[in-house]
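Notes follow once the structure below has been shown.
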Amino acid sequence: MIVAREDESKIHSATGVWGRVTLDQIVAKNAEGRGDHPALVDFSDRADWTHGGAEFLTWRELQVRVDALAAFFHAVGLAPDTVIALQMPPTIDAVVAFLAASRAGLVVAPLALGSREAEAVETFRALGVKAIVTVASTAGESHGERLRDVAAELFQIRFVFGAGGDLPDGLVDLRMVFDEAATLGRPPEVVRKGNPADHALTVEVTGLPPDETAAEAGAGIAGEGTPARTLPLPRSHNHWIATGLMTLLEGRIDADTVLVSPYALSGPVGIGVALVPWLLAGATLVTGLPASTDRLVEEAVAAGATHVLTPVRFARRLIDRFSAHRRSSAVVLAVAEDTAGDWPMPLGADVVDVTVLGGYGLVARRRIDAALQRALPIGITGAPAETPLAPPLIETRIKAIAQRAGQMNAARTLGGEIQVRGAMVPHFNWPSTQQDRKHRPRDTDGWMATGLGARVVTAQPPAFETAGRIDGSVRVGQSLIDLDALDLVYRSIDGVVDAAALVIDDETAGGGLAAAVVPRPGLRFDAADFVAAVEAKRVGLAKLPIRVFMVPAIARGPSGRVLRAGMAQHLVARG
């Protein structure tokens, strides 16, 4: 299924950024040239947070396992272009499943670890998912049982595969495939129309950018009382390779790199910053789900890490903990997703800031001064930043949208919305209904609205800094949440007159959601009962409020928009 636009394919191929190689072919190349080199390593404590013991694979062993699982997918009748969902923690099994799907010509639909039945049903229906790969559980979350029940509800699901052992009834155990990998042989070659690397590798369900035409006509803004419309967003192998090149080149990741990642395989970070750079370099990837920053550092030190991937809010502590182990820090790939803020690092730290732009692309920039993040360039951007002829990977512009100025935090001046295009930027061109086609963004110049605000920092050279989301959504962990849609869930709880989802932030624990609730007069309100009722709606973990505030009314502006930032600040201060 070709999802790369023909005109762009010609342009990006001419620059050398795009090619004809698929991710699974890169595995085969590494297995041939670096067969005995360590490829994948599980965190040593894997059994503490999911099932199965920690494993270690060389590139040759990885290739055998990928081929075996791809052959198995083919044998059970999963034809090329079949969509297969993946909800797995960061383990060797997850990487094998992802690459085996690529080898079999399948399209992977990553499902965030915190997603539960409601999101799964919506996603699977929208994408036509036919099979699922998951695990029994992660840190107590019963993925296997939940997704088995979803499969029973959706007749379209043909298989639920499980990896890691101790699986609930009804799941097909992939352990037998891995145990017999050497004897299963290679899968048949997938014959592709056109350029194999222009075909879809992944697809996700994401919110459409707001309808600018309607906004300019005074018809309102998406997010004001109406949940944003969502559509499938596919990415080709070439989209992902261009995304991975940004971090690979700026972070100087090479064949001797030992990259430690705590991210599951979903979104621009788990795939574009961890998986793809590791593949392109033929390096070593150490992956797992740490319970704390200290555990992440312990695994990194034990593995001899040269690079460590972490959310930017935890980067300083990570660097400090490396010092406590009496060794210099590795290169820290500090990821900021939709988050504005200044994050100074200790003197001498080697930090590469990875700024994700609304899920459509990213920019990686190595810090010159550890205390200061570099402003992001407006225009065509490549990597490494200091190279005059850096390959063009993404292009940015700031488009002024006066209608959304009221959504911005008062501490930051809105310059406009960040828009992107280029080699790593996908488009909403998944096959869909005629009705859906009418709602796709159709910028003839290829620009995609990110839903992120920006403040212009310098005019020459033109540069900006991110200023938070302006589209009524918020990112909690790896989940992008439409707050207006979540308001409707909170308001649907019995005994609730009105409610709103608020964002509260903790520099140590990270961001989360709170619920401001107006209970029915005369009703005895219990916060724990409210949370349990929300959970009964089968929404994802990120949508469950970590705090509940009982209020007399929800604060709204003249347009009816919930004044979330002001309410959150007031309620948190009130305690």
Quick test for you: out of 515, 555, 501, pick the one residue that is in contact (Cβ under 8 Å) with a residue 60 or more places away in the chain and within 27 Å of residue 338 (Cα to Cα). 501
Can you tell which of 61, 119 is of a type in the set (Asp, Glu), more than 24 Å from the chain's Cα centre (by Cα) and assigned to a helix (DSSP H, G or I)? 61
Output for Cβ contacts, cut-off 6 Å, separation at least six or different chains, first residue among the β-branched types (Val, Ile, Thr) in segment 371-389, second exposed (fewer than 13 other Cβ atoms within 10 Å of the Cβ), reads none
Please go through segment 1-54 and give me each residue that is closer than 17 Å to residue 259 by Cα and of a type in the set (Phe, Trp, Tyr), ordered by number. 43
Among the residues of segment 281-296, how many are under 28 Å from residue 30 (Cβ atoms) and outside any loop (DSSP other than H, G, I, E, B)? 6
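Within the group 500, 532, 515, which residue is modelled with pLDDT of 90 or more and either surrounded by fewer than 18 Cβ atoms within 10 Å (Cβ to Cβ) or at positive phi (or both)? If you could, list the steps in order and put the result at the bottom.
Details: 500 fails: either surrounded by fewer than 18 Cβ atoms within 10 Å (Cβ to Cβ) or at positive phi (or both); 515 fails: either surrounded by fewer than 18 Cβ atoms within 10 Å (Cβ to Cβ) or at positive phi (or both).
Within the list 500, 532, 515, the selection yields 532.
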Could you pull out every one of the strands (runs of 3 or more DSSP E) wholly within segment 357-400 that has 3 or more residues that are out of contact with any His (no Cβ under 7 Å at 6 or more places or on another chain) and under 24 Å from residue 478 (Cβ atoms)? 362-366, 392-399
Residue 495 vs (1) buried (at least 21 other Cβ atoms within 10 Å of the Cβ); (2) closer than 18 Å to residue 551 by Cα: all pass except (1)
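Looking only at segment 326-383, filter to residues that are over 26 Å from residue 451 (Cα atoms) and in contact with a Phe, Trp or Tyr (Cβ under 8 Å, 6 or more places away or on another chain); which one of those is surrounded by the fewest Cβ atoms within 10 Å (Cβ to Cβ)?
Taking segment 326-383 as the starting set, the residues that turn out to be over 26 Å from residue 451 (Cα atoms) are 326-332, 345-351, 368-371.
Checking the rest, the ones that are also in contact with a Phe, Trp or Tyr (Cβ under 8 Å, 6 or more places away or on another chain) come to 328-330.
On the way: 328: 11, 329: 23, 330: 24.
For segment 326-383, the residue satisfying everything is 328.
For segment 16-58: of the residues being assigned to a strand (DSSP E or B) and not acidic (Asp, Glu), which is surrounded by the fewest Cβ atoms within 10 Å (Cβ to Cβ)? Let's see the steps before the verdict.
If we filter segment 16-58 for residues that are assigned to a strand (DSSP E or B), which is where we start, we get 38-42, 50, 56-58.
Those still in the list that are not acidic (Asp, Glu) too: 38-41, 50, 56-58.
Numbers: 38: 18, 39: 26, 40: 22, 41: 21, 50: 27, 56: 13, 57: 20, 58: 18.
Among those that are assigned to a strand (DSSP E or B) and not acidic (Asp, Glu), it is 56.
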So which of 245, 265, 233, 279 ends up being crowded, with 23+ Cβ neighbours inside 10 Å, closer than 26 Å to residue 199 by Cβ, of a type in the set (A, V, I, L, M, F, W, C) and modelled with pLDDT under 95? 265
Residue 155 passes all but one of (1) crowded, with 20+ Cβ neighbours inside 10 Å; (2) over 25 Å from residue 544 (Cβ atoms); (3) of a type in the set (Phe, Trp, Tyr); which number fails? (1)
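Any chance you could count how many residues in segment 273-297 are touching a residue at least 12 places away in the same chain (Cβ under 8 Å) and either basic (Lys, Arg) or over 25 Å from residue 32 (Cβ atoms) (or both)?
We begin by selecting, within segment 273-297, every residue touching a residue at least 12 places away in the same chain (Cβ under 8 Å); these are 273-291, 293-297.
Subsequent filtering for residues that are either basic (Lys, Arg) or over 25 Å from residue 32 (Cβ atoms) (or both) retains 273, 288-291, 293-297.
Going through segment 273-297 one residue at a time, the tally reaches 10.
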Among the numbered criteria (1) part of a strand (DSSP E or B); (2) in contact with a Gly (Cβ under 9 Å, 6 or more places away or on another chain); (3) of a type in the set (Val, Ile, Thr), which one does residue 203 miss? (2)
(1) assigned to a loop (DSSP other than H, G, I, E, B); (2) modelled with pLDDT of 95 or more; (3) crowded, with 21+ Cβ neighbours inside 10 Å all hold for residue 4 apart from (2)
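The values are calculated or read from the model by the stated rules, or taken from the named source; none is laboratory data. Note that the structure is predicted; figures quoted are calculated from it, not measured. Note: ideal-geometry Cβ built from the backbone for every residue, glycine included; neighbour counts use all protein chains shown.
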